[in-house]
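Written below as structure tokens is the structure these notes are about.
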Amino acid sequence: MEVSNYLERIAMKDIEAFNELYNLINNNVYSFALSILRNNEDALDVTQEVFITIYNNAYKYQNQNKPMAWILTITKNIAYTKIRSNKKEINVDEIEFISKPNHDDKILVEYLLNNLSLEERNIVILHAMNGFKFHEIAKILDLKLTTTLSKYHRAIKKLKELTKEEKNE
């Protein structure tokens, strides 16, 4: 079933549809929130708040065949609000990826992502982990398509260089 169908059912307060949607996209929402906040606890808080917002506002979704863009825009807005309300420097104490890579992989991924800017990291995660197209990412992050593409290619180039450095050490 498509995400937009779940949203239609949730708009009618169908709790089963809500649970199914949660199980379907929880990892995507959490990963995106984590890429912005770089803090596991804050990302979990934002993920929970996103799903509460979805439940309370599903009736506002206008089906334009981009329900994940709508959901990730909510995620982005809540995450940025959390950053502003915390008024603190964001630290990476622990990154817990849903796929549970081994410890060495986790350290390498954390190292690589920390060497990207916030926008680069968000673009890479949205494209590589969540499968969004670049024009969708541009809309979610309020960027021009050309800017999104150039930041993605710059990020990939950085990641390749960093990976080469790691192999040489």
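Would it be correct to say that L116 is modelled with pLDDT under 90 and closer than 24 Å to V46 by Cα? For L116, the condition - modelled with pLDDT under 90 and closer than 24 Å to V46 by Cα - is met. Among the candidates N77, N28, the residue that is outside any loop (DSSP other than H, G, I, E, B), more than 24 Å from V109 (Cα to Cα) and polar (S, T, N, Q) is uniquely N77.
Among the residues of segment 119-144, those identified as exposed (fewer than 14 other Cβ atoms within 10 Å of the Cβ) and assigned to a helix (DSSP H, G or I) are A128, H135.
Annotation note: of K82, K66, K133, K87, the sole residue that is modelled with pLDDT of 75 or more, more than 27 Å from L149 (Cβ to Cβ) and not small (G, A, S) is K82.
Count of segment 58-69 residues, restricted to those that are touching a residue at least 60 places away in the same chain (Cβ under 8 Å) and more than 17 Å from M12 (Cα to Cα), is 4.
The values are calculated or read from the model by the stated rules, or taken from the named source; none is laboratory data. This one's a predicted model, so the numbers in the text were calculated from it and none came from an experiment. Heads up, the Cβs are rebuilt from the backbone with ideal geometry, glycines too, and the neighbour counts pull from every protein chain shown.
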